[in-house]
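What follows is a set of notes on a single structure, which appears directly below.
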Amino acid sequence: MELLSEDVNRALLRIPRDVRELVKNERIIIAGGFIRSVISGDRVSDLDLFGESKPHLEVVARALADKRNARLHETENALTLLTPGRMTIQFIHRWVYPAGGGSVIGDFDYTIAQAAIWAEPIPLISGQEQKHTWHSHCSDRYYADLAAKRLVYTSPTREEEAGGSLLRARKFI
């Protein structure tokens with residue numbers, strides 16, 4: 001199922017321009033809590049980005065950090081871009097996905113996090129500037145559970161520490 005186009009547009013407007021360009025040009029996927037927060041009108045805490053490989057995400061994160069003169073903090077799960085006064089950006093490299101974001105949502109532990117947005121290039125005609133089209137995907141229960149404020153666990157297949165989803169449940173409550 002796709003997100004409503006109004007929700008995709010609202011989410012894209014909340015993303016810093018330099019990050020939106022990265023998503024388009026570097027085949028990066030926006031997924032998870034950022035989208036939920038934008039749609040529900042909650043405070044956005046950070047932006048999670050996913051990609052096809054850890055090395056690719058590292059190159060993209062370091063280039064953005066250099067451009068912004070920002071600090072990068074690395075954990076076993078992600079590279080976190082910390083820019084004073086700006087949204088925290090997390091390049092999640094523990095779980096990687098091929099270009100196109102439909103597969104990422106199945107690895108989220110709660111239905112209210114199962115949403116993704118990504119861009120795909122439109123085939124070029126000689127001499128034409130590269131254009132992109134935005135795509136999205138969410139679980140069938142996404143909007144209903146978000147509206148009802150239901151926290152429904154999905155038993156994701158991704159590797160996860162014991163208790164990881166329980167800690168995330170505290171964040172949602």
Q | Antiparallel DSSP beta bridges within the stretch 45-130, as percent of all bridges there, nearest 5 | A | 65
Q. Under a Cβ-Cβ cut-off of 13 Å, what is the net charge of the residues other than residue 35 that fall near it, where Lys and Arg count +1 and Asp and Glu count -1?
A. -3
Q | Cut-off under 5 Å, modelled amide H: who pairs with residue 141 long-range | A | none
Q: Using a 1.4 angstrom probe on heavy atoms only, work out the carbon and sulfur share of the accessible area of the stretch 1-91 in %.
A: 46
**Q.** Probe 1.4 Å, all protein chains present, accessible-area order of 149, 24, 67, 54, largest first
**A.** 149, 67, 54, 24
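According to the square roots a ≥ b ≥ c of the eigenvalues of the Cα gyration tensor, what is the shape class of the stretch 21-100, taking rounded for a/c under 1.5, prolate for a/b larger than b/c otherwise, and oblate for the remainder? List each step's numbers first, then the result.
Values: a/c = 1.60, a/b = 1.13, b/c = 1.42.
Judged from the Cα gyration tensor, the stretch 21-100 comes out oblate (a/c at least 1.5, b/c at or above a/b).
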Q: Excluding residues fewer than 8 places away in the same chain, name every one of the aspartates and glutamates whose C-alpha is closer than 14 Å to that of residue 149.
A: 42
Q) What are the ³J(HN,Hα) values, in whole Hz, obtained from phi via the Karplus relation 6.51 cos²θ - 1.76 cosθ + 1.60 with θ = phi - 60°, for each residue of the stretch 16-27 in sequence order, with x given for Gly and Pro? A) x, 3, 5, 6, 4, 5, 4, 4, 5, 8, 10, 6
Q. Roughly speaking, what is the stretch gain from residue 62 to residue 43, that is 0.36 nm per residue apart minus the C-alpha to C-alpha distance, in nm to one decimal?
A. 4.2 nm
**Q.** Virtual spin-label span in nm between residue 128 and residue 83, 7 Å along Cα→Cβ
**A.** 3.1
Q: State in Å² the accessible area per residue of the chain; use a 1.4 Å probe, count heavy atoms of protein chains only, and round to the nearest integer.
A: 54
Q.
Given a 1.4 Å probe and heavy atoms of the protein chains only, how would you sort 94, 62, 17, largest accessible area at the top?
A. 17, 62, 94
(Q) Quick check on the stretch 77-135: take the gyration tensor over C-alpha atoms, sort the square-rooted eigenvalues as a ≥ b ≥ c, and tell me if it's rounded (a/c under 1.5), prolate or oblate. (A) oblate
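Please tell me the relative contact order of the chain in percent, rounded to the nearest whole number, where contacts are Cα pairs under 8 Å and at least six residues apart.
Here the relative contact order equals 23 percent.
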Q. R0 = 45 Å: FRET efficiency of residue 148 with residue 71, Cβ-based, nearest 0.05?
A. 0.70
Q. Can you give the relative contact order of the stretch 19-106 as a percent, counting alpha carbon pairs under 8 Å and 6+ residues apart?
A. 30
**Q.** Of every Cα-Cα pair in the chain, the percent that sits beyond 23 Å
**A.** 39
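The values are calculated or read from the model by the stated rules, or taken from the named source; none is laboratory data. A quick note: this is a predicted structure, and the numbers were derived from the prediction, not measured. A quick note on method: Cβ atoms are made from the backbone with ideal geometry, for glycine too, and the neighbour counts reach across all protein chains shown. Remember, those area values only see protein heavy atoms, side chains included, never the ligands or the DNA or RNA. Shrake-Rupley method; radii C 1.70, N 1.55, O 1.52, S 1.80 Å.
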